[in-house]
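Report on one structure; see the data block that follows.
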Amino acid sequence: MAQQMTLAVLLGTTREQRQSIKAARYIESLASERENLEVIFVDPKDFNFPGDGNDPEGKDPRYSQIVEEADAFFVVTPEYNHSFPGSLKRMLDSELQLYNHKPIAFAGCSDGNWGGVRAVEALVPAVRETGLVVMSWDVYFPYVNKMFADDGAILSEHSERYQKNVNKLLDELLWFADMLKTARRDKGN
C-alpha cells in the first residue's frame with residue numbers, strides 16, 4: 001500500500017450488552033498497526049439516523065463525512081435472529097452515492113458456534129446494492145463472549161489464528177482499496 005488510506009471500522013449494533021465491540025476493537029487495533037493507514041472507529045451509538053433510507057433528512061452529516069473520506073470499510077456485525085441488526089442496515093442505507101466503488105470486508109460474531117455467518121450472508125446482497133465491492137471471504141468470531149477478556153483483549157489461545165486471519169483479510173481489503181482509490185481519482189470522482 002503506497003498511498004495514504006482511510007479505513008472505517010463499523011460496529012454493527014447499538015445493543016447495550018454487545019460483545020461484538022470487542023472483535024471490532026480488536027480489528028481496529030490490528031489495522032492501526034499499519035503504516036499509511038488512518039483508522040476511524042464508527043459506533044452507531046454516536047450517530048443519529050432518523051427515518052429510513054437515503055433521503056437528506058435521514059443522514060447524519062458526521063457519518064456522511066466519514067464515508068466520503070473512507071477508502072475502505074470493515075463491518076463487524078453480530079448475528080441477531082439469523083440476520084444483522086437494523087441499526088447497521090439503517091447506517092448503511094444512508095449513504096448510497098458515497099459508498100460506490102469502495103471495498104468492504106465483514107466479520108461476523110455470535111454467542112454460538114455459527115460466528116455470525118448468517119448475518120454476513122444476509123448483508124452481502126444489501127451491501128452489493130450500495131456499490132460497495134464485497135470481499136470474497138470473511139472472518140468469524142464464534143462464541144465471541146468467550147474469546148475476549150473483560151478488558152477486550154483476545155485470549156491467547158485465539159490470538160495467533162485471529163491475528164493471521166484478520167491481517168490476511170486486511171491485506172486483501174487494502175489491496176482493493178488502493179486499486180479502487182486510484183481508479184476513482186483517475187475517473188474524477
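The values are calculated or read from the model by the stated rules, or taken from the named source; none is laboratory data. What you see is a predicted model; the values in this text were computed from it and never measured. Virtual Cβ from ideal backbone geometry, glycine too; neighbours counted across all protein chains shown.
Could you tell me whether any residue of the stretch 140-156 is within 17 Å of the chain's Cα centre (by Cα), at pLDDT 95 or above and closer than 21 Å to Glu38 by Cβ? The answer is no; no qualifying residue exists. So, of the residues in the stretch 156-189 that are closer than 25 Å to Val67 by Cβ and of a type in the set (Phe, Trp, Tyr), which turns out to be surrounded by the fewest Cβ atoms within 10 Å (Cβ to Cβ)? Only one residue tops the list, namely Trp175. Can you name the residue in the stretch 6-30 that is touching a helix residue (DSSP H, G or I) at 6+ places or on another chain (Cβ under 9 Å) and hydrophobic (A, V, I, L, M, F, W, C) and is also surrounded by the most Cβ atoms within 10 Å (Cβ to Cβ) among such residues? Top of the filtered list is Ala23. Check whether at least one residue in the stretch 119-126 is closer than 17 Å to Leu7 by Cα and in contact with a Lys or Arg (Cβ under 9 Å, 6 or more places away or on another chain), and report yes or no. Among the residues of the stretch 119-126, not one is closer than 17 Å to Leu7 by Cα and in contact with a Lys or Arg (Cβ under 9 Å, 6 or more places away or on another chain), which makes the answer no. Of all the listed residues (Ser29, Ser64), the sole one being hydroxyl-bearing (Ser, Thr, Tyr) and more than 26 Å from Gln163 (Cα to Cα) is Ser64. With respect to the stated conditions, Ala72 fails to be closer than 19 Å to Val117 by Cβ, buried (at least 18 other Cβ atoms within 10 Å of the Cβ), modelled with pLDDT of 95 or more and not hydroxyl-bearing (Ser, Thr, Tyr). Pairs meeting the criteria (first residue in the stretch 165-189 and under 22 Å from Ser32 (Cα atoms) and assigned to a helix (DSSP H, G or I), second residue at pLDDT below 95 and aliphatic (A, V, I, L, M), beta carbons under 6 Å, at least 6 apart or on different chains) are Leu174/Met1; Asp178/Met1.
Total residues in the stretch 31-41 satisfying the condition of being surrounded by fewer than 18 Cβ atoms within 10 Å (Cβ to Cβ) and over 24 Å from Ser110 (Cα atoms): the figure is 6. If you filter the stretch 131-155 down to residues that are surrounded by fewer than 18 Cβ atoms within 10 Å (Cβ to Cβ) and hydroxyl-bearing (Ser, Thr, Tyr), you find that the one that is farthest from Lys22 (Cα to Cα) is Ser136. Of the residues making up the stretch 98-111, those that are at pLDDT below 95 and touching a Phe, Trp or Tyr at 6+ places or on another chain (Cβ under 7 Å) number 1.
When the stretch 1-54 is limited to residues that are of a type in the set (Asp, Glu) and farther than 28 Å from Lys181 by Cβ, the one that is modelled with the lowest pLDDT turns out to be Asp52. Looking only at residues in the stretch 98-125 that are in contact with a helix residue (DSSP H, G or I) (Cβ under 7 Å, 6 or more places away or on another chain) and of a type in the set (A, V, I, L, M, F, W, C), the one that is surrounded by the fewest Cβ atoms within 10 Å (Cβ to Cβ) is Leu98.
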